Amino acid sequence: MITCMYMLTDFMYKKLKQARYKLLEDRMYFGEIPGLKGVWASAKNLEDCRAELQEVLEDWLLLKIKTGDRVQGLSIKVGQRQFVRHA
């Protein structure tokens with residue numbers, strides 16, 4: 001189980017490093033992770049935007065695991081409670 005948690009944490013860390021942020025005209029920050037459809041956030045400051053984006057990524061990943069959807073970079077086997085990292 002610890003290995004599974006490490007792999008999820010590692011996956012999330014790598015994806016959050018790929019995040020792109022921009023300051024919009026209304027002075028709100030917008031952040032997204034390229035390649036992960038629907039994983040975006042906005043907030044009044046950059047720190048809050050980063051925190052919100054991490055929360056959205058966590059929710060997105062849990063939903064993918066629950067529904068058995070494919071996540072590029074992870075092989076999810078819910079019934080066996082295994083996560084396999086792909087190179």
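The values are calculated or read from the model by the stated rules, or taken from the named source; none is laboratory data. As the structure is a computational prediction, the values presented were derived from the model and not from experiment. FYI the Cβ positions are ideal-geometry reconstructions off the backbone, even for glycines, and counts take in every protein chain you see.
Give me a count of the residues in segment 6-22 that are touching a residue at least 12 places away in the same chain (Cβ under 8 Å) and either within 14 Å of GLU55 (Cβ to Cβ) or in contact with a Phe, Trp or Tyr (Cβ under 7 Å, 6 or more places away or on another chain) (or both).
Of the residues in segment 6-22, 7 are touching a residue at least 12 places away in the same chain (Cβ under 8 Å) and either within 14 Å of GLU55 (Cβ to Cβ) or in contact with a Phe, Trp or Tyr (Cβ under 7 Å, 6 or more places away or on another chain) (or both).
Can you pull out the residues in segment 52-67 that are over 19 Å from TYR29 (Cβ atoms) and either β-branched (Val, Ile, Thr) or touching a strand residue (DSSP E or B) at 6+ places or on another chain (Cβ under 6 Å) (or both)?
Correct list: LYS64, ILE65, THR67.
Counting only residues that are within 21 Å of ARG70 (Cβ to Cβ) and aliphatic (A, V, I, L, M), which one in segment 20-55 is modelled with the lowest pLDDT?
Among them, the one singled out is LEU36.
Within segment 64-82, can you find the residues that are modelled with pLDDT under 55 and surrounded by 10 or more Cβ atoms within 10 Å (Cβ to Cβ)?
VAL78
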